[in-house]
């Protein structure tokens, strides 16, 4: 397969790149490098520094590359920024997606995989939501992901483009950006390695479904290799809920174990509390039974092991003060 991955130099996208390469696919990347990094990519992967909202530039890349398949990871990913700047969120997440979809149709792409979001899509839930749960986004980011899926349905029906939406849980792991507002695991890890206390928003009783990035990348690969027609949506999560208080304790324990293994004894600070963030859901849990039945996907890395791997990666790369 010749696969074009937008946002391929980013956190999740770069792991998708690696897994596609590992099974012999040809990969090309579009990324504006606003948050992605060239060093996330394996040597030799072609990178076009392009904003997906730039119509002419996107069309030019498609004309040069002639991809057979597209994985669309490029996105504005911050819920709180979407609340502050809904027009910016829509520019990237709606207009950017439309540009890539239109280029895919024009250049006869066979299939299109879209990074959606389970939590913001379903809203607050009381038990793991399956794909039939009615959408109830409470932020512009969630609205943009719901709009994106509706556009995928249209392009599948109108143009015969095979479209798959993967509704991610809270993805974490190596290469997650520790700066800005997204990625609580990375943010907490950076603060701990700097000898600073992680700051929990609100009371910390916000329950999330944390799924390891390599498991998410594998779901993308399985979606690419599918043979169905039309549109399908799949949850990509564990169904296991963890609140932020538990996460902070688990992170602290994982990092302490990693540092001890490196011969570095450290007194890591406990978390403190700050004001709640606007737009945050109380409970977000995903039922991933459908993707297990139809694609054979299951999470292989539990939270304790995932946090250990993530801690080891950050500890080896971030200059610490502990």
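The values are calculated or read from the model by the stated rules, or taken from the named source; none is laboratory data. Because the structure is a prediction, the values reported are computed rather than measured. For neighbour counting, all protein chains shown are included, and Cβ atoms are generated from backbone atoms with ideal geometry for every residue, glycine included.
Based on this model, can you work out whether residue 46 counts as in contact with a helix residue (DSSP H, G or I) (Cβ under 9 Å, 6 or more places away or on another chain), farther than 19 Å from residue 97 by Cβ, without any contact (Cβ under 8 Å) to a residue 60 or more places away in the chain and loosely packed, with under 14 Cβ neighbours inside 10 Å? So that I can check it myself, show each step before the final result.
Numbers: in contact with a helix residue (DSSP H, G or I) (Cβ under 9 Å, 6 or more places away or on another chain): yes; farther than 19 Å from residue 97 by Cβ: yes; without any contact (Cβ under 8 Å) to a residue 60 or more places away in the chain: yes; loosely packed, with under 14 Cβ neighbours inside 10 Å: no.
Considered against the rule, which asks whether it is in contact with a helix residue (DSSP H, G or I) (Cβ under 9 Å, 6 or more places away or on another chain), farther than 19 Å from residue 97 by Cβ, without any contact (Cβ under 8 Å) to a residue 60 or more places away in the chain and loosely packed, with under 14 Cβ neighbours inside 10 Å, residue 46 comes out as no.
Does any residue of the stretch 273-284 turn out to be crowded, with 20+ Cβ neighbours inside 10 Å and either over 25 Å from the mean Cα position of the chain (by Cα) or assigned to a loop (DSSP other than H, G, I, E, B) (or both)? Reasoning before the result, please.
Pass one, the stretch 273-284, residues crowded, with 20+ Cβ neighbours inside 10 Å: 281, 283-284.
With the extra rule that they be either over 25 Å from the mean Cα position of the chain (by Cα) or assigned to a loop (DSSP other than H, G, I, E, B) (or both), the set shrinks to 281, 284.
Taking every residue of the stretch 273-284 in turn, at least one turns out to be crowded, with 20+ Cβ neighbours inside 10 Å and either over 25 Å from the mean Cα position of the chain (by Cα) or assigned to a loop (DSSP other than H, G, I, E, B) (or both).
Mind checking which residues of the stretch 49-70 are over 13 Å from residue 10 (Cα atoms), assigned to a loop (DSSP other than H, G, I, E, B) and without any contact (Cβ under 8 Å) to a residue 60 or more places away in the chain? Working first, answer last.
Residues of the stretch 49-70 over 13 Å from residue 10 (Cα atoms): 50-70.
Filter once more, so that each one left must be assigned to a loop (DSSP other than H, G, I, E, B): 50-54, 66-68.
Once the filter is applied, which keeps residues that are over 13 Å from residue 10 (Cα atoms), assigned to a loop (DSSP other than H, G, I, E, B) and without any contact (Cβ under 8 Å) to a residue 60 or more places away in the chain, the stretch 49-70 yields 50, 51, 52, 53, 54.
Scan the stretch 266-286 and give yes if some residue there is out of contact with any strand residue (DSSP E or B) (no Cβ under 8 Å at 6 or more places or on another chain) and either within 17 Å of residue 171 (Cβ to Cβ) or modelled with pLDDT of 95 or more (or both), otherwise no.
Within the stretch 266-286, one or more residues are out of contact with any strand residue (DSSP E or B) (no Cβ under 8 Å at 6 or more places or on another chain) and either within 17 Å of residue 171 (Cβ to Cβ) or modelled with pLDDT of 95 or more (or both).
Taking the stretch 1-22 as the search range and keeping residues that are within 13 Å of the chain's Cα centre (by Cα) and part of a helix (DSSP H, G or I), which one is farthest from residue 223 (Cα to Cα)?
For the stretch 1-22, the residue satisfying everything is 11.
For the stretch 144-181, which positions are under 21 Å from residue 130 (Cα atoms), assigned to a helix (DSSP H, G or I) and over 16 Å from the mean Cα position of the chain (by Cα)?
Scanning the stretch 144-181 gives 147, 150, 151, 152, 153.
Quick check, is residue 57 at pLDDT 95 or above, in contact with a strand residue (DSSP E or B) (Cβ under 7 Å, 6 or more places away or on another chain) and in the same structural domain as residue 71 (by TED's automatic domain parsing)? Step through it out loud before you land on a result.
Numbers: at pLDDT 95 or above: yes; in contact with a strand residue (DSSP E or B) (Cβ under 7 Å, 6 or more places away or on another chain): no; in the same structural domain as residue 71 (by TED's automatic domain parsing): yes.
When the stated conditions are applied, residue 57 does not pass them.
Of the residues that make up the stretch 245-260, is at least one touching a residue at least 40 places away in the same chain (Cβ under 8 Å) and in a loop (DSSP other than H, G, I, E, B)?
no
Determine which member of the set 148, 160 is crowded, with 22+ Cβ neighbours inside 10 Å and touching a residue at least 24 places away in the same chain (Cβ under 8 Å). Don't jump to the end; show me each part of the working.
Details: 160 fails: crowded, with 22+ Cβ neighbours inside 10 Å.
It is 148.
Given the conditions (1) under 19 Å from the mean Cα position of the chain (by Cα); (2) outside any helix (DSSP H, G or I); (3) touching a residue at least 40 places away in the same chain (Cβ under 8 Å), which single one is not true for residue 137?
(3)
Could you say which residue among 310, 238, 242 is farther than 19 Å from residue 122 by Cβ, crowded, with 17+ Cβ neighbours inside 10 Å and in contact (Cβ under 8 Å) with a residue 40 or more places away in the chain?
On the way: 238 fails: farther than 19 Å from residue 122 by Cβ; 242 fails: farther than 19 Å from residue 122 by Cβ.
Of 310, 238, 242, the one residue that is farther than 19 Å from residue 122 by Cβ, crowded, with 17+ Cβ neighbours inside 10 Å and in contact (Cβ under 8 Å) with a residue 40 or more places away in the chain is 310.
If the requirement is being out of contact with any strand residue (DSSP E or B) (no Cβ under 7 Å at 6 or more places or on another chain) and either modelled with pLDDT of 95 or more or assigned by TED's automatic domain parsing to the domain that holds residue 311 (or both), which of these qualifies: 157, 167?
157
Tell me, yes or no, whether the stretch 248-263 has at least one residue that is within 29 Å of residue 139 (Cβ to Cβ), surrounded by fewer than 16 Cβ atoms within 10 Å (Cβ to Cβ) and assigned by TED's automatic domain parsing to the domain that holds residue 196.
yes
Regarding residue 33, is this residue surrounded by fewer than 23 Cβ atoms within 10 Å (Cβ to Cβ), modelled with pLDDT of 95 or more, touching a strand residue (DSSP E or B) at 6+ places or on another chain (Cβ under 9 Å) and at positive phi? Step through it out loud before you land on a result.
Values: surrounded by fewer than 23 Cβ atoms within 10 Å (Cβ to Cβ): yes; modelled with pLDDT of 95 or more: yes; touching a strand residue (DSSP E or B) at 6+ places or on another chain (Cβ under 9 Å): yes; at positive phi: yes.
The answer is yes for residue 33.
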